[in-house]
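Let me begin by presenting the structure, written as structure tokens, before commenting on it.
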Amino acid sequence: MLDAVEARITTTIDVAPYVERKRLALATHASQIEESFWARLPAEAFSALFGEESFIRAEDTTDAPLPEADLFDGLRENRSRGEARSESYRSRYRAR
């Protein structure tokens, strides 16, 4: 089952520069995780596990090639087409 989910991943982002912030944010919830496996994980192991974040593209409006390394691939490349699609997206998901 995990292989099927991993096969759907379209974008992987390197978030290594932010791993320590993630670890500190998790530590602020000490009452919820103080006895958790994650709280006892050494910093190096935490970094190895959480240095990348993966996403699955739900809808393609950009025709950007896969795999992506940037969540905005395809949006920066063709601004006129992207702006029209962005407006369409905003109108569909505008706060009600």
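Right, ILE56: within 24 Å of ASP73 (Cβ to Cβ), of a type in the set (Val, Ile, Thr) and either more than 21 Å from the chain's Cα centre (by Cα) or surrounded by fewer than 12 Cβ atoms within 10 Å (Cβ to Cβ) (or both) or not?
Spelling it out, ILE56 is indeed within 24 Å of ASP73 (Cβ to Cβ), of a type in the set (Val, Ile, Thr) and either more than 21 Å from the chain's Cα centre (by Cα) or surrounded by fewer than 12 Cβ atoms within 10 Å (Cβ to Cβ) (or both).
Going through GLU44, GLU20 one at a time, which residue ends up being more than 26 Å from LEU2 (Cα to Cα), out of contact with any strand residue (DSSP E or B) (no Cβ under 9 Å at 6 or more places or on another chain) and modelled with pLDDT under 95?
Among GLU44, GLU20, only GLU20 is more than 26 Å from LEU2 (Cα to Cα), out of contact with any strand residue (DSSP E or B) (no Cβ under 9 Å at 6 or more places or on another chain) and modelled with pLDDT under 95.
The values are calculated or read from the model by the stated rules, or taken from the named source; none is laboratory data. Note that the structure is predicted; figures quoted are calculated from it, not measured. Positions of Cβ are backbone-derived with ideal geometry, glycine not excepted, and every protein chain shown enters the neighbour counts.
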